[in-house]
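Asker: So that we are looking at the same thing, I have put the structure below in structure tokens.
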Amino acid sequence: MDRLKSLLPGKRRLIQLYSFLLYNAHLKGFVKGDIFTGLAKSACVPGLNCYSCPGAIGACPLGALQNALTSSGHKMPFYIVGILILYGLIFGRTICGFLCPFGLFQDLLYKIPTFKIRKGRVTRALSSLKYVLLVFLVVLLPLYSAFKTVPLPAFCKYVCPAGTLEGAVGLLIHPANADKFSMLGTLFSMKFLILIAVITLCIFLFRAFCRFLCPLGAMYSLFNRFSIAGVRVDNAKCVDCGRCVSKCRMDVRNVSDLECIHCGECISSCPTGAISIKAGRITLKGPDAKKQDKQSKRRSVFVKAIALFVLVSSLVYSNFPDKKETLHPSTPENAENTLPIGKDAGMLAPDFSASLYSGKGEITLSDLRGKTVILNFWATWCAPCVKELPYFEEIALKYPDQIYVLALHSNLVTEDVQSYLNKTPYAFSFGIDATGKIIQSFGGSTMLPQTVVIDENGVIVYNAVGSMTIESLEKLAKQTLSS
């Protein structure tokens with residue numbers, strides 16, 4: 001009976017499960033093998049959850065921070081830094097214990113029956129490694145690359161096992177993305193080996209990635225002493241017996257120090273009832289948690305109802321067509337009212353110059369006046385972007401004298417673009433948005449893909465984020481040429 005109870009999910013495990021479902025509420029992504037590109041993707045979830053996961057409806061704060069730093073130049077990325085500080089001040093590493101999907105994955109791996117490696121001096125020393133990774137891979141290298149105009153979100157690109165599992169593997173296992181295997185190279189093989197190593201370690205070592213390698217946990221740990229929510233010790237009751245530290249499987253020296261994930265498992269080990277989980281003055285869990293009165297039970301039911309409402313709302317929102325899709329030129333409802341569409345439609349397109357790949361020099365938008373121009377903002381790491389490239393090629397081949405197609409790669413992670421184009425050549429032009437200013441001038445940011453159609457007079461007739469189909473591109477081309 002006790003064995004059965006240990007397998008059943010407790011309250012913390014249910015919260016972890018709800019968080020995973022909430023972060024990955026875009027169920028259509030798993031069915032279709034693509035990623036969500038709705039407006040919610042511009043917001044960060046608290047835990048480690050890859051932006052490119054088919055179900056993800058929000059951005060990973062770690063990836064967002066690196067992307068912001070790589071494109072910041074001399075500007076402070078206030079938005080993402082502010083979000084991380086806000087999460088840290090409210091939750092601290094409670095996020096690691098309750099709200100991180102990759103934390104849940106590690107907890108489940110550790111349940112696999114095998115011998116376990118206990119914590120000690122070696123694990124305590126290794127716990128400092130995540131702070132080194134935070135400083136060098138998440139902050140310094142992206143900042144250095146921003147000044148050198150060679151964007152490099154280093155941790156996401158070279159290490160992050162969550163990104164490999166949720167993003168790369170999550171997309172590649174779908175049959176619709178079978179053609180992407182030809183894009184894989186040494187980098188993916190290296191990251192896949194890191195993922196296998198992390199999975200293996202987590203079976204024998206409790207939360208190995210969380211303890212030794214996670215820069216996001218390192219950031220949140222800096223707020224543990226000040227966070228509103230977390231494990232608290234009543235010093236008046238504490239007798240310094242050390243049972244709480246002995247029971248904890250993290251490398252803590254004291255309850256609620258930098259390594260504490262506020263899971264609350266130490267509460268039951270305290271002989272004097274000195275430990276509890278609190279949010280400000282409100283006790284969320286304590287030694288007398290079983291002695292709930294009717295009012296507290298009602299409050300618990302109310303909180304569960306709110307959580308269920310939020311989860312269902314997210315599922316509904318992320319699995320219905322995005323608002324931009326209702327403006328899509330292939331939609332029958334607006335077939336007569338397609339142009340203009342999107343941000344700045346009907347306005348003169350901002351001029352720009354971009355370097356072309358394959359040594360083809362530079363292209364300036366104003367030099368193309370007299371032709372319809374289709375701009376496609378894309379990236380090799382963006383699965384929907386790569387999927388729609390053949391559609392742009394079909395348009396370029398069908399209207400060679402009337403339409404100029406230019407695909408501008410994102411300024412984030414650009415080193416492998418030329419090798420990709422060598423493997424998969426296309427019959428239209430590819431350039432680089434080296435500073436990210438071109439996509440910004442068209443109202444975009446890091447949400448890809450984005451398509452802009454400019455008529456022969458230099459006027460924007462279509463500008464929207466989201467995937468295109470050959471039918472929608474064909475319709476746009478015909479309407480622009482005939483207008």
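Asker: What spacing in nm lies between the two simple spin-label points modelled at Lys278 and Asp234, each 7 Å away from Cα in the Cβ direction?
Answerer: 1.0 nm
Asker: When the chain is fully extended, how far beyond the present Cα-Cα distance does Arg369 get from Ser42, taking 0.36 nm per residue of separation?
Answerer: Full-extension gain reported as 114.4 nm.
Asker: Separate question: If I take R0 = 25 Å and measure r between the Cβ atoms of Ile112 and Phe188 in this structure, what FRET efficiency does the formula 1/(1 + (r/R0)^6) give, to the nearest 0.05?
Answerer: 0.45
Asker: Suppose the chain between Ser483 and Ile15 were pulled fully straight at 0.36 nm per residue; how much longer would it get relative to their current alpha carbon spacing?
Answerer: The span from Ser483 to Ile15 would gain 163.0 nm if fully extended.
Asker: Which entries of Lys371/Lys398; Lys116/Lys285; Lys157/Lys437; Lys28/Lys478 show an alpha-carbon separation above 19 angstrom in the structure shown?
Answerer: As for pairs spanning more than 19 Å Cα to Cα, those are Lys116/Lys285; Lys157/Lys437; Lys28/Lys478.
Asker: What residues qualify as long-range amide H neighbours of Gly431, i.e. H under 5 Å apart, gap of 5 or more or another chain, H built at 1.01 Å from N?
Answerer: Amide H to amide H, under 5 Å and 5 or more residues apart or across chains, Gly431 pairs with Tyr357, Ala407, Leu408, His409.
Asker: Taking 0.36 nm per intervening residue step and subtracting the Cα-Cα distance, what contour gain separates Asn254 from Ser355 on full extension?
Answerer: That pair, Asn254 and Ser355, stretches by 30.8 nm at full extension.
Asker: Let me ask something additional. List the residues of the stretch 78-122 whose backbone N lies under 13 Å from a point placed 7 Å from the Cα of Gln440 along the Cα-to-Cβ direction.
Answerer: It comes to 78-79, nothing else.
Asker: For the stretch 167-227, how big is Rg over Rh, using alpha carbon atoms and the Kirkwood form of Rh?
Answerer: 1.14
Asker: Something else now. Take Leu143 and Ile199, extend 7 Å from each Cα along the Cα→Cβ direction, and tell me the distance between the two endpoints in nm.
Answerer: Using points 7 Å along Cα→Cβ, the separation is 3.6 nm.
Any read-out appearing in this document is the output of simple, stated calculations on the displayed coordinates, not a laboratory observation. The structure displayed is predicted, hence computed values, not measured ones. Every residue, glycine among them, receives a Cβ derived from its backbone with ideal geometry; neighbour counts consider all protein chains shown.
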